[in-house]
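Report on one structure; see the data block that follows.
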Amino acid sequence: MNKLKVINPLLPLKKNVHSLPLALTIFTGVMFSLLTFMGTWDLENKTIEKEFEQDATDIVSLLKRSLEKNLHQLESIVGVYAASTKVTRQEFRTFVNPYLSNNSDIQALQWIPRVPHDQRAAYEQAAKQEGFLNFKITEQNPQEKLIKAKPRAEYFPVYFVEPYHDNETMLGFDLASNSVSLEALQLSRDSGKAIATAPMTLMRQSPQHKLGFLILWPIYRQNTPTNSIISRRQNLQGFASSVFLIGDIVDRALKYRQPREIDVYLFHESTPTQKRLLYTYSSSTPKASKDLKEEDLATLRNGLHHTVILDVSGQKWLILSKPNSEYIRSRRTWYPWTVSLGGLLLTILLAIYISDRISAVAALVESERQLEQRVEQRTVELQKAKEAAVQAAVESEAANRAKSTFLANISHEVRTPLNGILGYAQILKKSTSLTANEKKGIDIIEQCGSDLLSLINEILDLCTIEANKLELHSQTVDFGTFLKDIVEICQVKAEQKGISYSYQATSRLPTAIIVDEKRLKQMLINLLDNGIKFTEIGGVAFTVSVLKSRKNAKNKITNKLEEITTIRFEVADTGIGMNSEQLSKLFLPFEKLENTSGFVEGTGLGLAITQKLVKIMGGDINVESNPGQGSIFTIDLDLQTYPNSYEINFHKNPNQQQVVNFQENNNNKNTSVETTEIVSPPKEKLVYLYDLAMSGLINDLLEEVDELEKNDDIFIPFSQSIRQLSEKFQIKKIREFIKQYL
């Protein structure tokens, strides 16, 4: 017994003359895979960067909206003072408490009057009379303890503060004694705008969360000019102020943001070279308040980050957003690796193929050389040389078969390598230097690839449908030609199996329909193929009929009326039938039944795809079946047709209709086409037949049908193949035929 010769694919590398094509192929494939990986990796990085930019922008927007909302509430207080000659402490409390209860971002709302030195005692006495017995205008000493404010030309004490709890130490504190707040007071007074202080340590009872800022809004005396700096300084009445803790306002603004894998650093730009880190927001929520050197900020700016300058009422805040490692990791995909591995797999397959071809060619050349030498020497050696050549050819063919099998098993994993193999095979076929055996091998590769691609396409069809990505491409279709093509395609399969096959149109059909021709043909051929596969005795009947037609609106492009016609496509067979359990699983993917001979070819996807296509087209598909009595599949579709486009199947006699039947011949192995005239019997006879059909008297009904055909020369489209159906289905078919003439 001859053994298959195994050729080492690395053997040609030992011979420089043969190793060059293989080396070039491997080098090119590896470089292509590497470049593809780098390209897809770069594309993925850009996608992540774009998503991060959007997420970081959303973070800034959240902070900005929170600050704008709080500034709007402060503006409401300004409006109260603008509309009143005097606002008492109780009125202030009554007005601001609703804002405080609905907005936890604001730590306190304050009224800060302008107090000249000569009115200081009066203000202090008035506060004491309101119940604040220890009230006095204060300032901080170098040890940050509150002491009585030193005399100065004017004071800006916190006179009203709400809520009072946890803000007691603020009451009476002169903001003019603090350089940070004094700068903001002066700028707000002169500009007439709301101005925020630089970040500062707030005077509060609670030891936590002390770093914050104030927003000051100037209020001028009513009916006084404020169109110049001098007039604004002269007519200043005081300030409405909101107090914020930086940590609290950032935490609340970003509390519910998604994604959470982004660290946010908040800086105050105190000088161009010195930036103060105000707050850090991350998953572990560390907080910091310290001076940060420029080189430390540069470290944060390494890698992917997003920075923006936010104007907070005159103060410049730098917001730096930086994704952590989890953000990047969660958005990485396997796509770059899959693409590069696919390229490497294709390279390996091509290298194996080229190595095999080089080895086969080298072996053939050596065999021919030895043959020529032995021809010159002796006739006996000639015969041996021929046998060696034959053996080499057998081994080469076996190697080709092994290669093809290997390619078929591998390439189904990835569609892209399969397309590459098909493309490469088509290029090789164009070569004029190939031998006949080589061309045969290439043909086998291309055919196997095409078949496998068809199977993959069927699976992809199902995936595309389930992903709701299938698009229908409707066009005007010649309905008669379309049905003829369907009939002829399936007629050949029926002939090969030796069963009968019939087609009939039970009513007038439109000549033109607007439909996705490819998908409709796919559905009908799936049903007819199933009927033929599962029918061993009898046959398959294909029926097309119009259920109803209704007018639609005028087409604005063609200026013609359109009609919507409900067309039924019915496929009946005399096959093995199905029980209720099988019917419940009939349209599931990869569900396959067995016929009487055992295994049936197919993937089990045909009916699943058909059902989904019918649903996409807005139609219905139904099946009736009983074990051993065959099956009837019906598809009802609403299709657009042109007005007056119905094919006139009636001839001279309006009671005659043309029906095309594929009848069995004598040997029951082939089918033939016959055209028969249907002549409608008298109406009273039809009523009698219909009553028999409704009563279920099948034997009497069949006798009457035979009698009509024999005596009245009336043909009823009820062939022998249909008579092999169950009584239930026979009655159903006859009743449908009779009903169209009543």
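The values are calculated or read from the model by the stated rules, or taken from the named source; none is laboratory data. Please read all numbers here as calculations on a predicted model, not as lab measurements. For neighbour counting, all protein chains shown are included, and Cβ atoms are generated from backbone atoms with ideal geometry for every residue, glycine included.
Residues in the stretch 124-154 that are under 22 Å from residue 202 (Cβ atoms) and either among the aromatic types (Phe, Trp, Tyr) or in a strand (DSSP E or B) (or both): 132, 135, 138, 139, 140, 146, 147, 148.
Quick one: which of 82, 121 is modelled with pLDDT of 85 or more, over 54 Å from the mean Cα position of the chain (by Cα) and either in a helix (DSSP H, G or I) or of a type in the set (Asp, Glu) (or both)?
Values: 82 fails: modelled with pLDDT of 85 or more.
So the residue among 82, 121 that is modelled with pLDDT of 85 or more, over 54 Å from the mean Cα position of the chain (by Cα) and either in a helix (DSSP H, G or I) or of a type in the set (Asp, Glu) (or both) is 121.
Entry remark, the stretch 288-324: residues being within 39 Å of the chain's Cα centre (by Cα), farther than 30 Å from residue 31 by Cα and modelled with pLDDT of 80 or more number 14 in total.
Return yes or no: is residue 547 at pLDDT 85 or above, surrounded by 20 or more Cβ atoms within 10 Å (Cβ to Cβ) and assigned by TED's automatic domain parsing to the domain that holds residue 635? Quick ask: steps written out before the conclusion?
Values: at pLDDT 85 or above: yes; surrounded by 20 or more Cβ atoms within 10 Å (Cβ to Cβ): no; assigned by TED's automatic domain parsing to the domain that holds residue 635: yes.
The answer is no for residue 547.
In the stretch 511-552, the residue that is nearest to residue 634 (Cα to Cα) out of those that are outside any strand (DSSP E or B) and of a type in the set (Lys, Arg) is 521.
For the stretch 313-338, which residues satisfy the criterion of being of a type in the set (Val, Ile, Thr) and surrounded by fewer than 18 Cβ atoms within 10 Å (Cβ to Cβ)? 328, 333, 338 - these are the residues of the stretch 313-338 that are of a type in the set (Val, Ile, Thr) and surrounded by fewer than 18 Cβ atoms within 10 Å (Cβ to Cβ). For the stretch 487-501, state whether one or more residues are modelled with pLDDT under 85, surrounded by fewer than 15 Cβ atoms within 10 Å (Cβ to Cβ) and closer than 26 Å to residue 587 by Cβ. For the stretch 487-501, residues modelled with pLDDT under 85, surrounded by fewer than 15 Cβ atoms within 10 Å (Cβ to Cβ) and closer than 26 Å to residue 587 by Cβ: present. Candidates 119, 110: the one that is within 19 Å of residue 221 (Cα to Cα), in contact (Cβ under 8 Å) with a residue 60 or more places away in the chain and surrounded by 14 or more Cβ atoms within 10 Å (Cβ to Cβ) is 110.
For the stretch 97-107, a residue qualifies if it is surrounded by 12 or more Cβ atoms within 10 Å (Cβ to Cβ) and touching a helix residue (DSSP H, G or I) at 6+ places or on another chain (Cβ under 8 Å), and the qualifying residues are 99, 103, 105, 106, 107.
Name every residue in the stretch 75-96 that is in contact with a helix residue (DSSP H, G or I) (Cβ under 9 Å, 6 or more places away or on another chain) and among the hydrophobic types (A, V, I, L, M, F, W, C), in order of residue number. So that I can check it myself, show each step before the final result.
Restricting attention to the stretch 75-96, the residues satisfying the condition of being in contact with a helix residue (DSSP H, G or I) (Cβ under 9 Å, 6 or more places away or on another chain) are 76-77, 80, 84, 87, 89, 91-92, 95-96.
Result: 77, 80, 87, 92, 95, 96.
Within the stretch 68-109, the set of residues being under 23 Å from residue 131 (Cβ atoms) and in contact with a Lys or Arg (Cβ under 6 Å, 6 or more places away or on another chain) is empty.
Would you check which residues across the stretch 55-86 are among the small types (Gly, Ala, Ser) and either closer than 19 Å to residue 246 by Cβ or in contact (Cβ under 8 Å) with a residue 12 or more places away in the chain (or both) and list them? Outline the logic, then answer.
Quick first cut of the stretch 55-86, residues among the small types (Gly, Ala, Ser) only: 56, 61, 66, 76, 79, 82-84.
Once the filter is applied, which keeps residues that are among the small types (Gly, Ala, Ser) and either closer than 19 Å to residue 246 by Cβ or in contact (Cβ under 8 Å) with a residue 12 or more places away in the chain (or both), the stretch 55-86 yields 56, 61, 66, 76, 82.
Which condition breaks for residue 202 when tested against (1) more than 30 Å from residue 322 (Cα to Cα); (2) among the hydrophobic types (A, V, I, L, M, F, W, C); (3) in contact (Cβ under 8 Å) with a residue 40 or more places away in the chain? Here residue 202 clears every test but (1). In summary, helices (runs of 4 or more DSSP H) completely within the stretch 156-257 and bearing 2 or more residues that are closer than 26 Å to residue 318 by Cα and at pLDDT 90 or above occur at 179-191.
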